[in-house]
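Just so you know, all these numbers are worked out from the coordinates, no wet-lab data involved. Treat the numbers as computed from the prediction; the structure is a model and nothing was measured. All Cβ positions, glycine included, derive from the backbone under ideal geometry; neighbour counts span all protein chains shown.
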Amino acid sequence: MALRFLGVALPPAEPAWRAFQRVYGIGRSTAVDLVHAVGGSASLRVRDLAPSHVASLYAALEAGAPVQDARRVAERAAIDRLRTHTNAHTQKKMKRL
């Protein structure tokens, strides 16, 4: 059975560092750091993760950069902040149609 981590199903046969990259906002280096944070090696598979590993993963992620929905919201807010009245003119035209 696949492990659900931050709303993403992780395949059990895949190495943990590769599976963590399926989560939005986690790249290769962050995924490798997460595996080492729980005391695992590069060969650690998702099926080998214990519940204590998952709890420490959540703790490690809370200390780091935002991921999944929090990251999407932050990126969307940054884009909206940059849109001024003149830049938004095209968007207003598209809404009218």
Subject >> Residue-span extension gain [Val32 to Ala77] - 0.36 nm each, minus C-alpha spacing >> reply: 13.3 nm
**OP:** Give a residue-ordered list of calculated ³J(HN,Hα) values for the range 37-42 (Karplus: 6.51 cos²θ - 1.76 cosθ + 1.60, θ = phi - 60°; whole Hz; x for Gly, Pro).
**Re:** 5, 8, x, x, 9, 5
Subject >> Packing-based ranking, highest mean first, of 75-82, 26-33, 12-19 given that Cβ atoms within 10 Å are counted >> reply: 12-19, 26-33, 75-82
